[in-house]
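I'd like to ask some things about the structure below.
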Amino acid sequence: MNLIVANESHFKYAQDICDTIAESAKIRGTGIAKRTPEYIQKKLSNGNAILALDGEKFAGFCYIEVWGHEKFVANSGLIVHPDYRGQGLAKKIKAKVFELSRKKFPDAKIFGITTGLAVMKINYELGYKPVTFSELTDDPEFWKGCQTCKNFDILTRTEQKMCLCTGMLYDPAHKKKPEEGKQMNGKAFTRLKSIKESLFLKKK
Ligand SMILES: CC(C)(COP(=O)(O)OP(=O)(O)OC[C@H]1O[C@@H](n2cnc3c(N)ncnc32)[C@H](O)[C@@H]1OP(=O)(O)O)[C@@H](O)C(=O)NCCC(=O)NCCS
């Protein structure tokens with residue numbers, strides 16, 4: 001498996017990446033910001049994306065987005081092809097994209113929003129902390145990305161204060177990583193998620 005910083009020579013993978021993201025969201029039944037192949041190609045060409053390739057085959061992907069005049073960066077669009085899941089590939093991709101973010105944007109806070117337990121676990125191990133949305137970027141362009149998510153009405157109803165996603169933030173000013181072996185409380189997160197779902201998704 002090769003983990004590389006992508007470039008224009010990888011444009012042919014953009015459609016595959018989009019299809020895998022959309023298909024996975026459909027199966028999970030969760031909301032997701034939709035990405036077009038053109039959007040993915042932009043990420044591939046500006047040196048802000050990590051691509052995992054098994055020979056010529058697409059195995060996984062994640063990219064960096066820059067917000068609020070480089071005060072914040074997000075590591076977004078994490079996807080591992082179903083054939084390669086459960087082998088620690090997402091962890092490797094996130095570690096690599098995190099390293100790239102730290103190198104290119106050393107002063108930026110790194111954040112993500114997610115409904116996925118796997119992503120929360122990985123982020124936690126990298127030193128991210130769960131935070132309220134008010135701690136994240138207020139760049140309207142970032143939040144515009146949520147418009148294509150099926151849960152966007154929740155974000156609107158709460159005036160952008162909360163949604164089904166949980167915000168997580170790495171602040172370079174507080175570099176301390178979680179102690180070795182200390183894991184995120186997955187049960188607490190799953191419980192919080194089900195409370196939010198029953199609150200926000202209740203039938204009208
Ligand atoms: C989520 C996803 C990226 C995980 O990829 P993966 O390569 O299978 O993940 P890893 O093997 O690196 O696992 C990382 C950790 O998450 C856990 N994990 C993996 N999938 C999980 C799941 N579906 N539910 C709960 N935990 C999960 C693993 O057990 C591991 O934890 P551990 O370190 O305590 O053992 C992959 O399933 C995927 O692409 N899903 C669809 C897209 C998606 O959900 N993207 C995130 C959007 S925010």
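Which one is farthest from Leu136 (Cα to Cα) among residues in segment 63-84 that are within 11 Å of the ligand (Cβ to nearest atom) and open to solvent by less than 40 Å² (accessible area, probe 1.4 Å)?
Among those that are within 11 Å of the ligand (Cβ to nearest atom) and open to solvent by less than 40 Å² (accessible area, probe 1.4 Å), it is Tyr84.
(1) within 11 Å of the ligand (Cβ to nearest atom); (2) among the aromatic types (Phe, Trp, Tyr); (3) closer than 25 Å to Leu164 by Cβ: which one isn't true of Phe133, the others all being true?
Among (1) within 11 Å of the ligand (Cβ to nearest atom); (2) among the aromatic types (Phe, Trp, Tyr); (3) closer than 25 Å to Leu164 by Cβ, the lone unmet condition for Phe133 is (1).
Within segment 85-125, take every residue that is within 28 Å of Phe152 (Cα to Cα) and away from the ligand (no atom under 11 Å from the Cβ) and give me the one that is most open to solvent (accessible area, probe 1.4 Å).
Checking each candidate, the answer is Lys109.
Each row is one residue, and each column tells you yes or no for (1) closer than 18 Å to Tyr63 by Cβ; (2) modelled with pLDDT under 90.
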{"position": "Ile110", "(1), (2)": "yes, no"}
{"position": "Thr115", "(1), (2)": "no, yes"}
{"position": "Val119", "(1), (2)": "yes, no"}
{"position": "Glu135", "(1), (2)": "no, no"}
{"position": "Asp153", "(1), (2)": "no, no"}
{"position": "Met162", "(1), (2)": "no, no"}
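While we're on this one: As an exercise: evaluate Ser9 against (1) farther than 13 Å from Ile93 by Cα; (2) open to solvent by 30 Å² or more (accessible area, probe 1.4 Å); (3) within 12 Å of the ligand (Cβ to nearest atom) and give the number of the one condition it does not meet.
Unmet for Ser9, out of (1) farther than 13 Å from Ile93 by Cα; (2) open to solvent by 30 Å² or more (accessible area, probe 1.4 Å); (3) within 12 Å of the ligand (Cβ to nearest atom): (3).
What is the residue count in segment 17-48 for residues that are open to solvent by less than 70 Å² (accessible area, probe 1.4 Å) and within 13 Å of the ligand (Cβ to nearest atom)?
Selection size over segment 17-48: 13.
Let me ask you something else. For segment 1-56, which positions are in a loop (DSSP other than H, G, I, E, B) and in contact with a strand residue (DSSP E or B) (Cβ under 7 Å, 6 or more places away or on another chain)?
Scanning segment 1-56 gives Met1, Ala6, Arg35, Gly47, Asn48.
Going through segment 126-146 one residue at a time, which ones are touching a residue at least 12 places away in the same chain (Cβ under 8 Å) and either open to solvent by 70 Å² or more (accessible area, probe 1.4 Å) or among the aromatic types (Phe, Trp, Tyr) (or both)?
Result: Tyr128, Lys129, Pro130, Thr132, Phe133, Ser134, Glu135, Asp138, Glu141, Phe142, Trp143.
The values are calculated or read from the model by the stated rules, or taken from the named source; none is laboratory data. Note that this is a predicted model, so its numbers are computed, not measured. Ideal geometry is used to build each Cβ from the backbone, glycine not excepted, and the neighbour counts take in all protein chains shown. With ligands, DNA and RNA removed, areas are computed over all heavy atoms of the protein, side chains included. Shrake-Rupley method; radii C 1.70, N 1.55, O 1.52, S 1.80 Å.
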